[in-house]
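J.: Shown below is the structure under consideration.
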Amino acid sequence: MFLLNETPLSPDTAFTAGGISYPANWLRLASPAERSAIGITEVADQARADDRFYWNGDLSQPKAVEDVLATEEEGSPLMVQVYDPATEAMVDTDKQVITRGLKYAMIAQVKQTAGTLLAATDWRITRAAEGIKAVDADTLASRAAIRAASDANEAAITAATTTAALAALQLNWPAA
């Protein structure tokens, strides 16, 4: 990113510096010495934060870690609404809207991953339950490892208290 007097400059936009107008392609064609001569500095673009954990990739805007009970702008509870055919209007129920936090979404993903990994051998468990053929020890050990990894991943997510801690988590699964 190019800066002139701490103001960002777009590489493909014309600009004026010291009373001189520069064409849109000048920043791309000028040498570093030419840019420096008129006070333009180049700084590295700030790394974008992970959008899974931060709003708009901005580290100063973390997403909520825990579930939050939603409220109206004035602070009253935001209730789930349903259509009432008698009045032909939406009416509040007795349930408050919940905005799900990162922990909820991450734990749901862990459960889905574990279910997908276990699904590959479910047919063997069904076959054994029907008395056709016993399940081999390797399959049982693999399934136990998947469940243990799922439990460990959920515990790590539950133990995290900040968005940064959740973003730093490395969820581990047994090798196939």
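J.: Filter the trypsin sites (Lys or Arg not before Pro) in the stretch 91-176 to those in DSSP coil with at most 15 other Cβ atoms within 10 Å of their Cβ, and list the result. Don't jump to the answer; show the numbers that get you there.
T.: Numbers: sites: LYS95, ARG100, LYS103, LYS111, ARG124, ARG127, LYS133, ARG143, ARG147; in loops: ARG100, LYS133.
In loop regions of the stretch 91-176 (DSSP not H, G, I, E or B), the sparsely surrounded trypsin sites (Lys or Arg not before Pro) are ARG100, LYS133.
J.: Using 1/(1 + (r/R0)^6) with R0 = 30 angstrom and r between the beta carbons of THR93 and ARG52, what's the FRET efficiency to the nearest 0.05? Present the calculation step by step, with values, prior to reporting the outcome.
T.: On the way: r = 31 Å, r/R0 = 1.03.
Between THR93 and ARG52 the formula returns 0.45.
J.: Taking amide hydrogens as modeled 1.01 Å from N in the peptide plane, which residues meet the under 5 Å criterion relative to PHE15, leaving out close sequence neighbours?
T.: Here the answer is TYR22, since their amide H atoms fall under 5 Å of that of PHE15.
J.: ³J(HN,Hα) across the stretch 50-58 via Karplus (A = 6.51, B = -1.76, C = 1.60, θ = phi - 60°), whole Hz, x for Gly/Pro?
T.: 5, 5, 5, 10, 10, 6, 6, x, 10
J.: Okay, next question. Hey, what D do you get for the stretch 115-165 in µm²/s if you plug the Kirkwood alpha-carbon radius into Stokes-Einstein at 4 °C and 1.567 mPa s?
T.: Details: Rh = 12.7 Å.
Taking Rh from Cα pairs, D becomes 102 µm²/s.
J.: May I pose another question? Which cross-chain or sequence-distant (5 or more) residues have an amide H under 5 Å from the amide H of LEU59, H modelled 1.01 Å from N in plane?
T.: Amide H neighbours of LEU59, under 5 Å, 5+ apart: ALA49.
J.: At 20 °C and 1.002 mPa s, what whole-number value in µm²/s does Stokes-Einstein give for the translational diffusion of the stretch 33-123, with Rh from the Kirkwood sum over Cα pairs? If you can, show how the numbers build up before the last one.
T.: Working: Rh = 18.4 Å.
The Stokes-Einstein estimate is 117 µm²/s.
J.: With the chain treated as a Gaussian network of Cα nodes joined by springs under 10 Å, which of ASP67, ASP122, ASP92 yields the largest mean-square fluctuation?
T.: ASP92
J.: What's the magnitude of the charge dipole for the chain around its Cα centre, counting Lys and Arg as +1 and Asp and Glu as -1 at the beta-carbon? Answer in Debye, nearest 20.
T.: Values: 14 positive and 23 negative charges, 189 e Å.
Charge dipole of the chain: 900 debye, to the nearest 20.
J.: Please list, in chain and number order, the residues 5+ apart from THR71 or on another chain whose amide H is under 5 Å from its amide H, with Hs placed from the backbone.
T.: LEU78
J.: For the stretch 7-72, what does the equivalent ellipsoid look like in terms of its semi-axes, each the square root of 5 times an eigenvalue of the Cα gyration tensor, given largest first in whole Å? Write out the running numbers ahead of the final one.
T.: Numbers: eigenvalues 327, 35, 18 Å².
Semi-axis lengths for the stretch 7-72 are 40, 13, 10 Å.
J.: Compute the semi-axes of the equivalent ellipsoid of the stretch 75-119, taking the square root of 5 times each eigenvalue of the Cα gyration tensor, and list them largest first in whole Å. Working shown, then result.
T.: Working: eigenvalues 241, 48, 6 Å².
The three semi-axes for the stretch 75-119 are 35, 16, 5 Å.
J.: Follow-up. With the Cα gyration tensor of the stretch 83-161 in hand, give its eigenvalues times 5 under a square root as the equivalent ellipsoid semi-axes, listed largest first in whole angstrom.
T.: Working: eigenvalues 314, 95, 12 Å².
Semi-axis lengths for the stretch 83-161 are 40, 22, 8 Å.
J.: If you don't mind, another one. Identify which of the listed values of Rg/Rh (Cα atoms, Kirkwood Rh) was calculated from the structure shown: (i) 1.14; (ii) 0.99; (iii) 1.24.
T.: Correct label, based on the coordinates given: (iii).
J.: Go through the stretch 122-128 residue by residue and turn each phi into a ³J(HN,Hα) via Karplus (6.51, -1.76, 1.60, θ = phi - 60°); whole Hz please, and just put x for glycine and proline.
T.: Result, rounded to whole Hz: 4, 4, 5, 5, 4, 4, 5.
Read-outs throughout are calculated quantities, based only on the coordinates presented, and are distinct from any laboratory measurement. None of the values given here were measured: they were computed from a predicted structure. Cβ coordinates were reconstructed from backbone atoms using ideal geometry, including for glycine residues, and neighbour counts include every protein chain displayed.
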